[in-house]
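Some notes on the structure that comes next.
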Amino acid sequence: MKKKKVNLRDLKPDSEERHNHDKTSNNFKAYIPAIISFAMLIIGIVLDYVDTSFFRDWIRIIWYGIAYLPVGFPVVKEGWESIKKGDVFTEFFLMSIATIGAFAIGQYPEGVAVMLFYAVGELFQNAAVKRAKGNIKALLDVRPKEANVFRDGDYRSISPEEVNIGEKIQIRVGEKIPLDGILLSEKASLNTAALTGESKPDSVIKDAKVYAGSINLESVIEVEVTSKFEDSSIARILEMVQNATARKSKTELFIRQFARVYTPIVVFLAIGVTFIPYLFVDDYVFRDWLYRALIFLVISCPCALVISIPLGYFGGLGAASKNGILFKGASFLDAMAKINLLVMDKTGTVTKGVFKIKEIKAINWNEKEFMKYLMAMEAQSTHPIAKAIMEYKENSKDFEAEKVSEIAGKGLKGNVNGKTVLVGNKALMLANNIKFPKETESIVESIVLVAIDNDFAGYVVIADELKEDAKLTITALRKVGIKNIMMLSGDKDSITQQIASGLGIEKAKGGLLPEDKLNEVETLKKNPQNKVAFIGDGINDAPVLAASNVGIAMGGLGSDVAIETADVIIQTDQPSKIVTAIKISRSTRKIVWQNIILAFGVKLVVLILGAGGLATMWEAVFADVGVALLAILNAVRLQKMKWE
């Protein structure tokens, strides 16, 4: 049985406060081991410095041993677990033998300090991981949770999973249709953007197919169920998201890959430092060369690497956040830097997803008077297109519509100030033998035709507005090297092609269902040279967001599911932020590699000195701290850079 996920927004305030308190407590607990070790290490070093008589021998060993355990035991345990699985040469193994070796030769503070540095680096890395995508089960929040089914002469609210095929369900205004079915009511206006990406609400009439996840906009409707919940459109989308997420490979941070090569090399070199001198040195003393080998191992601990790499990523994450961009983990900064192909949705991504009047064409009428007749009629409707028309800046109070009737699937008919007015589509004009200009045939956007006293009076074109920075975004993307840009939309192909053409996008496809978008991106990914980013904002975009190399969601107006599924969130809803995200990710990658080269270069020098007996473990720790400080300063540069 699937567990129902609790939606935090539905919790009572005291429950939410308790949840946040528990979350804060859990976050703090992660830092307690490092804090304990740090405090005990400092106290131990102070006691060593003042040379107290009691802090010697076994007391000193036990003190540093206890200081070592909070940060050292988890690493030693992880190293042992890896060995049991056949993966011997991990950074856990290296850290374990190096620090235990430090204890073996009496360098207790150094052993604790080295492991403490490693633990701090891990905390940085874990903090980045916590930003990663939430559990995909959160998607279950979007599915309709109740269905009003007609049973025993009345409507009862039950779970959609319990509704049978053939039963009648009722959907009130503002509710989601819980299951696929056939419309029993005379008509319905549905918002299907969550499923198809279609920007215009869908008007359907009796016996038409309706889909789960669509939102009922106008009046109470009844639907006959034609499929079980697990076979419904919304359930298929959820399943595709889960499958696509499972197929997405998890990027390993550089240190994990590097350690698999680096660790066995330094271990065998340390063995060589211990035994090879026996063949060449006359006064060979095993203990002395073992001491050097252990120092060599301590020096070889990749602490500076472990710290400097996450610091670089954190600099990038912080810079992105300041610019209204949220990366859900350091690995997505890396992935974004490699993107060479961008696929984008249309509605809500490059357009505002809000209807506006694009063009008014009055024929033999003054525009303002023409609009007064139209507004008087549309004032009777709650349709989104009517709302767009009512935003026209003209006072129409002296024009009043009477005897307004709705003609299903065609439009409105009524009287305004004694004149018969028809407002609707081409079918309404044809049904009333009204001739209209051929130019209207070539208009791909939503068009409202108007006839007054049986004469064609004009038309109004309603369209979804482009975002202010949409065109600039395409130009800027090409400047940063993203030459291959494609648009995929659930909206009509004619509208999609028009928008794409206006933006300078050569490849575009419209009229796509969620599975069509997913198939398109999967096809693109089959070419190993393609690193695909997809940007969208609706529930219907969730599967393809999960399947792409980098999923980017509009966070301001985008759906919860898209935001939950995506790897990168544009919090300001500006498509131009994609360019900023690419620039930040590339700068971050450059900084990280600078830190890697710096850390490895210094480490190599100190390793050579250690093998020659010219460096102690304190010098190794100091070298690590110095490199870490330089890495911090380098990473801070990201906060000062400008990408606009």
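The values are calculated or read from the model by the stated rules, or taken from the named source; none is laboratory data. Note that the structure is a prediction, hence the values are computed from the model and not measured. All Cβ positions, even for glycine, are placed from backbone atoms using ideal geometry, and neighbour counts span all protein chains on display. These accessible areas exclude ligands, DNA and RNA; they are computed on the full protein's heavy atoms, side chains included. Shrake-Rupley method; radii C 1.70, N 1.55, O 1.52, S 1.80 Å.
Observations
- Largest accessible area first, the residues 289, 643 order themselves as 289, 643 under a 1.4 Å probe with ligands, DNA and RNA left out.
- Solvent accessible area, Å² - residue 202, 1.4 Å probe, full protein context: 60
- The label point for residue 597 and the one for residue 395, both projected 7 Å from the Cα toward the Cβ, are 7.1 nm apart.
- Residue pairs exceeding 26 angstrom between C-alpha atoms, taken from 145/525; 352/393; 322/393; 346/438; 322/352: 145/525; 322/393; 346/438.
- Segment 471-538: C-alpha gyration tensor shape, a/c 1.5 cut-off, then a/b vs b/c: oblate
- In the assembled protein chains, residue 416 presents an accessible area of approximately 0 Å² (probe radius 1.4 Å).
- Restricted to Cα atoms, segment 479-600 shows a radius of gyration and a Dmax of 15.9, 56 angstrom.
- Segment 30-67 and segment 389-441: distance between their alpha carbon centers, rounded to Å: 86
- Net charge of Cβ neighbours under 13 Å - reference residue 456; Lys, Arg +1; Asp, Glu -1: +1
- Heavy-atom accessible area with a 1.4 Å probe sorts 187, 642, largest first, into 642, 187.
- Spin-label model distance (nm) - residue 230 vs residue 480, 7 Å beyond Cα toward Cβ: 4.4
- Principal axis analysis of the Cα atoms in segment 48-125 yields extents of 46, 26, 15 Å, listed in decreasing size.
- The residues 326, 524, sorted by heavy-atom accessible surface at 1.4 Å with ligands and nucleic acids left out, run 326, 524 from largest to smallest.
- Here segment 437-498 is treated as an ellipsoid with the same Cα gyration tensor; its semi-axes, largest first and in whole Å, are 36, 12, 9.
- Extending 7 Å from the Cα toward the beta-carbon at both residue 182 and residue 83 defines two label points whose distance is 7.0 nm.
- Two-decimal Rg to Rh for segment 306-449 - Kirkwood Rh, Cα set: 1.28
- Stretching the chain fully between residue 39 and residue 433 yields a gain of 132.9 nm (0.36 nm per residue, less the alpha carbon separation).
- Extension gain (nm, one decimal) between residue 146 and residue 633, 0.36 nm per residue minus Cα-Cα: 169.9 nm
- In the context of the full set of protein chains, residues of segment 445-495 present 37 Å² of accessible surface per residue (probe radius 1.4 Å, heavy atoms only).
- Computed accessible area, residue 446, all protein chains, 1.4 angstrom probe, square angstrom: 20
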